[in-house]
Structure formats: structure tokens, C-alpha cells
Amino acid sequence: MENELKIDPILIEEFLKFNKNLIEAPKMVPAIDEINLEMTPYDVAYSEDKMRLLHFNSSIQKQHKTPLVIVYALINRYHILDIHPQKSWIKNLLNQGFDVYLIDWGSPTNIDKYQGFDDYVNGYIDNCIDFVCDEADVEKVTLQGYCTGGTLATVYSALHPDKVKNLVVTAPVIDGKKDTTVVGNLAKHMDVDEMVKAIGNMPPEFMYYVFSILKPFEQGVEKYIHFFKNIHDKNYVDNFLRVEKWLHDTPSIPGELFRQWIKDVYQENLLIQDKMYVGNQLVSLKNITMPIFIQVAVGDHLVSPECSMPLYYAVGTEDKTMRIYPTGHVGMIASSFSQKKVLTELGQWLSERSK
């Protein structure tokens, strides 16, 4: 008797349902550029070249004297910190009574290709902090950096410890040798001198390519399968499209900054060894004597936890805290878990040190 091919009727039903959702999707789902992120209102407090310093408005009375200045990453836009009113990092901190500023790097053009670490750290960040100190009538600020912004905030705090009251770093790139992500491995084998010489600024297309090879199946296929399966779930679709809008909006990175980043942080691993120079000044992590709060995500596929954690042991302060969370790079700053756990712990830590 010949074997008969039997197909599970449940699988057939799932296939038909998925196919129906696929056909209906164009009528049900808005285009990404039509998505309204409902972002927290802000004023542009200060600007210089392409950079803007945003000061967020709040209906909550400020409860803490020390203002918080967030240094956003060099990749994508700051929108991930304000991606949804119920998952907004910025809104949560405002509701806890903090005075929140954020550095938005804007969109560098070809004229900016010679800007490097010195311009960003001793120029833009330093000017922003001077402005905030004058406006808030304080001598020091709390400085927070996310991802590559965490690296910039760390370097700044080591060079200008007299202006930083507290340092918060969220998934910072610190020990390049220990970064085993696709990004880290790619960076270590890159002829960055020739790349910058030929291209100038690193274009968005290069960043998209890097993202596409991080988790090729999960990011390229699986997430869209889940999307079409959940096409009738408005909350799921809304959250999905908000993140997609953020992922597909990234500026160029100035060529010289990119070159220094790849060589000094990843290939020669100078930062963690206290051998990195910025503006002819040696960056010694021992100069970080202010309280520091380090946030690390176990499932981070962009910055290995082992790349961030060595900062805890390298700084000069005794008032240091490190929290390791069971989430990912984005989940740590834009999720329900972030709202309930990560930001609650950060707020408690900051409130004790922001008087």
C-alpha cells in the first residue's frame, strides 16, 4: 500500500489565514511615513551646526535640581527614547520630576566629514553642558549616554569631570576587544582608512547593511511572518511600525569620527586601556570620580554585555552601580519592562544624587 501524504488541517488553516492577511495588509496598514509617534513636546534650547539641544516640556513640577542631559547614539534618531507615550524613556523621566535635555546630532553632510571625537566631545557636548549649566543655574549636570552615545558620555566625563555630577551609561561600547557581536567582529576586520578615503561619511546604506546581517533570519524573515500573523492586532501593528520607522531613519556618520571610532575603540582597543587621546588629551577612565550607573542588557545583539561591563572596574569612583537586565538593546530603553524595572531603578538612584 502506497504511503499517503497527509497535511495537518491546522497548518492548512494557518496558511490560508496568513495568505489572507498578506493580501489585506496594504489596505489595513499605513505607510511608515504616515505614522505619528506622538512625541513629547520640546523646545530647541541651543543649536550648533547640525546639532540641536532639545529641552523637553513637562506638566510635572521639577523635583530634582540637577538637570539630565542625554547624549544620543550616532546611529538612527533619538526617537527610540520617545517611541510611544506608554514606552517613552523621556516621558518617564519627566514624570519622575527630572529636567530632561537631549543632544540630537542631526544629519551630517559632506562638509562635516572631517569632524572627529574632539569636535563631538570637547565641542558640541561641552558647549551643550555649559549652556544647560547657565540656564539651570547649576555647576554640574547628570550625563546619560545610550549605546555609542554612552561611549561619548564616558569620554566626556573622563576629560571634564568637574562638569558631571552623575554619569549614566546604557549599553556603552567600552572594551572593543570583548565585543563579540557581528558589529564588533566586522569593525575589527575593516580597512577603515581606505573606506573613509573612498566614501567620506559613512552613508545610511552602510548602516542598513550592518543591521541586516546582525540576525538575518530573525530580522529579515521571522519578524515579518509575525507581523502578518498579527495584522489584526492594532497595538502589535502600531508598535511594529513605530520601531520600523526608527530603524529606517539613520543619518550619516562623519568620516573622521567613524575612522577614529573603529580604530581606537574596536581595532586598537585604546579606551579601556587608558591609551586613547581626544584633542591631544589622554582619556583616563580613572578620572571618572563621580557616581556612575551602568546599564547592561544580557540579550544585546548590538553591544556585547562583556563590552560594557569592564567600565565598572576601570573607573575611579567608589560610588558605582551596575545593573544587568534580561532584555535586549532596544528592550532596555523602549518596552514595558523598561518602564517598570529599568527606569524605576534609575529614577531611585538618580533622585538620591540629584539634590
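The values are calculated or read from the model by the stated rules, or taken from the named source; none is laboratory data. Here the structure is a predicted model, which is why all the values come from computation and not from measurement. With ideal geometry, Cβ positions are generated from the backbone for all residues, glycine too; neighbour counts draw on all protein chains shown.
Just to be sure I understand, how many residues within the stretch 75-112 are more than 12 Å from the chain's Cα centre (by Cα) and of a type in the set (D, E, K, R)?
4
For Asp274, state whether it is under 24 Å from Asp119 (Cα atoms), among the acidic types (Asp, Glu) and either at pLDDT 95 or above or touching a Gly at 6+ places or on another chain (Cβ under 9 Å) (or both).
Yes, satisfied.
Could you grab me the full set of residues in the stretch 297-313 that are touching a residue at least 60 places away in the same chain (Cβ under 8 Å), under 15 Å from Gly176 (Cα atoms) and not in a loop (DSSP other than H, G, I, E, B)?
Matches in the stretch 297-313: Glu306, Cys307, Ser308, Pro310, Leu311.
Go through (1) surrounded by 17 or more Cβ atoms within 10 Å (Cβ to Cβ); (2) of a type outside the set (Ser, Thr, Tyr); (3) closer than 21 Å to Ile292 by Cα one by one and return the number of the condition Lys87 breaks.
The one condition Lys87 does not meet is (3).
Restricting to the stretch 43-60, give me the number of residues that are within 16 Å of His79 (Cα to Cα), exposed (fewer than 13 other Cβ atoms within 10 Å of the Cβ) and of a type outside the set (D, E, K, R).
Final tally of qualifying residues: 2.
Suppose the filter is within 25 Å of Leu167 (Cα to Cα), in a strand (DSSP E or B) and modelled with pLDDT of 95 or more; does Leu54 pass it?
Yes; evaluated as a whole, the condition is true for this residue.
Every residue in the stretch 257-277 that is of a type in the set (Ser, Thr, Tyr) and without any contact (Cβ under 8 Å) to a residue 60 or more places away in the chain, please.
Tyr277
With Lys91, Lys65 as the choices, which residue is modelled with pLDDT under 95, touching an Asp or Glu at 6+ places or on another chain (Cβ under 9 Å) and among the charged types (D, E, K, R)?
Lys65
Within the bounds of the stretch 298-306, is there any residue that is surrounded by fewer than 19 Cβ atoms within 10 Å (Cβ to Cβ) and within 24 Å of Lys140 (Cα to Cα)?
No, there is no match, as no residue in the stretch 298-306 is surrounded by fewer than 19 Cβ atoms within 10 Å (Cβ to Cβ) and within 24 Å of Lys140 (Cα to Cα).
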